Amino acid sequence: MSAAAGTWKLGDLEVNRIGYGAMRLTGNGMRGNSDGRPIDRDVAVGLLHHAFAQGVNHIDTAAFYFSPLRSANELVNRALSTWSGDVVVATKVGPAREPSGEWIDTARPDQLRGQVEENLRQLGRDHLDVVNLRWGDPRTTSISEHFGALAELRQAGLIRHLGLSAVRPEHVAEAQAIAPVVCVQNPYGLDWRRADESGLVDLCRERGIAFVPFFAVSGLRREGAAGPEPDARVRSVARALHATPAQVRLAWTLQRGPHVLAIPGTTNPAHLAENIAAGTLRLTEEQLAVLDGPGEDTARTPADDAR
């Protein structure tokens, strides 16, 4: 069960540390493109119900997770409408589509209310549990105007809690001066540790903020990528534990601190069960030393972090 990994509070909302990322339900599609075939709607709803039944009560989604045939928010809405338990839904705003169809990385502050309202409509809710501002404009260092706009929507009751995505440590401090921050989503994993190098993981722990990595399972290979595990360190630890490499990667991530959550996504029920079971793994100091030791060449760039 998902609760085996422990719990954390997103503000006043307690969640199990292993959640579920809904992007792959669309066929890995977002921004109108798809690099995988989306699963049947009923099958997707059944998969989400299966996750909920195993204790997953934290779903990561976004209005911009869509392909020509599927919308992640639509599928999450369908699943929740026929489920009686409590599930915390975290969504993201920031990326936007112009009337011409062109995508921009970060909407203007005055466009964020429309994005929040679109998420409300798609998810069929009166308020959003958690909204993360996904930052994608490297030309602008300050997020205060954008985060301030979301803080106003929180005051208006449209949003319960606020978070950040794809940000730097200075953004966290800037946002906290405006409104409480309950979570930070950034790319992070065994072979992609920029959030360690910048001090972001430690900063979140010190401030009681959940750190929610994405691409934690696949790292450089991109979540959902096919093929065998390329890292000999991971393979050796997995053999010793009679676990899968994906479980080892998730366990390593979760052991970075009690404030670290996981949101692996999959359309495979067996992989879903494996991901949840990773919460029962406890890596020894020796195994952690192996995983943190010299690895294979990882000079490639990581997966595109536009979640």
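Identify the residue in the range 59-101 that is hydroxyl-bearing (Ser, Thr, Tyr) and assigned to a strand (DSSP E or B) and, among all such residues, is modelled with the highest pLDDT.
This residue is Thr91.
Report, by residue number, each residue of the range 29-42 that is at pLDDT 55 or above and part of a loop (DSSP other than H, G, I, E, B).
Looking only at the range 29-42, we keep the residues that are at pLDDT 55 or above, and these are 36-42.
Of everything in the range 29-42, those that are at pLDDT 55 or above and part of a loop (DSSP other than H, G, I, E, B) turn out to be Gly36, Arg37, Pro38, Ile39, Asp40.
Filter the range 128-169 down to the residues that are of a type in the set (Val, Ile, Thr) and surrounded by fewer than 18 Cβ atoms within 10 Å (Cβ to Cβ), then identify the one that is modelled with the highest pLDDT.
Thr141
Any chance the range 242-253 includes a residue that's within 22 Å of Thr91 (Cα to Cα) and either modelled with pLDDT of 90 or more or in a strand (DSSP E or B) (or both)?
yes
For the condition assigned to a helix (DSSP H, G or I) and either at pLDDT 95 or above or aromatic (Phe, Trp, Tyr) (or both), what is the one hit in Val181, Val172?
Val172
Pick from Gln287, Gln255: which is within 27 Å of Ala51 (Cβ to Cβ) and either of a type in the set (A, V, I, L, M, F, W, C) or touching a residue at least 24 places away in the same chain (Cβ under 8 Å) (or both)?
So the residue among Gln287, Gln255 that is within 27 Å of Ala51 (Cβ to Cβ) and either of a type in the set (A, V, I, L, M, F, W, C) or touching a residue at least 24 places away in the same chain (Cβ under 8 Å) (or both) is Gln255.
Of all residues in the range 139-169 being hydrophobic (A, V, I, L, M, F, W, C) and outside any helix (DSSP H, G or I), which is farthest from the chain's Cα centre (by Cα)?
The first filter runs over the range 139-169 and keeps only residues hydrophobic (A, V, I, L, M, F, W, C), leaving 143, 147, 149-151, 153, 156, 158-159, 162, 164, 166-167.
Filter again for outside any helix (DSSP H, G or I), leaving 143, 156, 158-159, 162, 164, 166-167.
On the way: Ile143: 20, Ala156: 26, Leu158: 21, Ile159: 18, Leu162: 14, Leu164: 11, Ala166: 11, Val167: 14 Å.
In this case the residue turns out to be Ala156.
Among all residue pairs at least 6 apart or on different chains, which show Cβ distances below 8 Å where the first residue, located in the range 175-194, is free of Cβ contacts under 8 Å to residues at least 24 places away in the same chain and closer than 16 Å to Phe214 by Cα and the second is part of a strand (DSSP E or B) and among the polar types (S, T, N, Q)?
Short answer, once both residue conditions are applied: Arg194/Asn186.
Can you tell me how many residues within the range 187-202 are at pLDDT 95 or above and surrounded by 18 or more Cβ atoms within 10 Å (Cβ to Cβ)?
The total comes to 2.
So how many residues does the range 254-270 have that are under 15 Å from Phe215 (Cα atoms) and assigned to a helix (DSSP H, G or I)?
1
The values are calculated or read from the model by the stated rules, or taken from the named source; none is laboratory data. Not measured: the values here are computed from a predicted model. Positions of Cβ are backbone-derived with ideal geometry, glycine not excepted, and every protein chain shown enters the neighbour counts.
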